[in-house]
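Please treat every number below as a calculation from the coordinates, not as lab data. Computed from a predicted structure; not experimentally measured. Heads up, the Cβs are rebuilt from the backbone with ideal geometry, glycines too, and the neighbour counts pull from every protein chain shown.
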Amino acid sequence: MHMDSPQHYGLSLISDDCPGVLRDIATSVARHEANIIMVQQSVVLCGPNKGKASLYFELEENEKKELLIQDLTDLPCVHDVSIHEPFNRIFGSRVIIIGGGAQVAQVALGAVNEADRHNIRGERISVDTIPLVGENDLAHAVDAVTRLPRASILVLAGSLMGGEVSRAVDRVRQAGIPVIALRMAGSVPKHADLVVTDPIQAGVFAVMHISSKAVFDICRVRGKEF
């Protein structure tokens, strides 16, 4: 996180799973002038809180944080409130790798090894893999990258990708997420920011681009093949 960026914190809540809960919580947040950066909601599937709602918020720090936590704790629908470090301090930036199983594994090998080198020096870079086949499934997965928290770069690893996948790549790039593609058949390489022949090297490039300590910048080599 840039030193001038607002500091964030995470709040986890266990609440009733019923209409109006999110309204009541959001009202408390607004009353204490807290700015919500991120929100996730799900239903607990097991354990003592099974059937209850699990909500996670990330908010900007402000002087009313303690009052907000007390206000949320006092809500009748809320059963537990806990404070956490935000995800970007725990997991940091994410490399997303989508494609065929063998190619995905090789890209992940390069990305994980390179991420380990940077994380030892204090960074937080994680690697997510999604082996998939089929144009529609691939296109839906690529489009979903723009909705993933902390997704910083996408690597497409396969032998043949095109059609709707290429159009999804354009949408991901328009959202500000760079795309690396392996050298493959189909139109996807023409739509990617960078084309790399060696899958291990593709993973290394992806991590180097999002690292705050590396000197590689995909914008300086956009449209090239390696």
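Observations on the structure shown:
- Rg(Cα)/(2.2 N^0.38 Å) for the range 91-220, N = residue count: 0.94
- Here is how the number arises for the chain: DSSP H runs of 4 or more residues each give -39500 (n - 2.57), the sum is divided by the residue count, and the result at 222 nm is -10500 deg cm²/dmol.
- Principal-axis tilt of helix 101-119 within the chain, Cα atoms, nearest 10 degrees: 60
- Here is the P(r) of the range 89-129: all C-alpha pair distances, binned every 10 Å from 0, give 31, 51, 17, 1 in whole percents.
- Highest mean packing first, where packing is the average number of other Cβ atoms within 10 Å per residue, the peptides 108-116, 35-43 line up as 108-116, 35-43.
- Cβ crowding within 10 Å, taken as a proxy for footprinting-reagent exposure, orders Arg167, Arg121 from fewest neighbours to most as Arg121, Arg167.
- Remark on Leu194: its backbone amide H falls under 5 Å from those of Val179, Ala181, Gly223, a criterion applied only to residues 5 or more positions apart or on other chains, H modelled at 1.01 Å from N.
- 10 Å beta-carbon shell around Val204, net charge (K/R +1, D/E -1): -1
- The angle between the Cα long axis of helix 65-74 and the longest principal axis of the Cα atoms of the chain comes to about 70 degrees, rounded to the nearest 10.
- Rg over Rh for the chain works out to 1.05, using Cα positions for both radii and the Kirkwood form for Rh.
- Over the range 58-145, all Cα pairs binned in 10 Å intervals from 0 give whole-percent P(r) values of 14, 29, 23, 21, 13, 0, listed from short to long.
- Counting neighbouring beta carbons within 10 Å and listing from fewest to most, the residues Asp74, Asp80 come out as Asp74, Asp80.
- Cα-based helix-to-principal-axis angle, 164-174 vs the chain, degrees rounded to 10: 60
- Debye-formula intensities of the range 8-86, expressed as log10 I(q)/I(0) at q = 0.13, 0.15, 0.16, 0.23 Å⁻¹, are -0.35, -0.46, -0.53, -1.09 (one equal scatterer per alpha-carbon, no solvent).
- Peptide ranges 57-69, 198-210, 170-182 listed from the most packed, as the mean C-beta count within 10 angstrom indicates: 198-210, 170-182, 57-69
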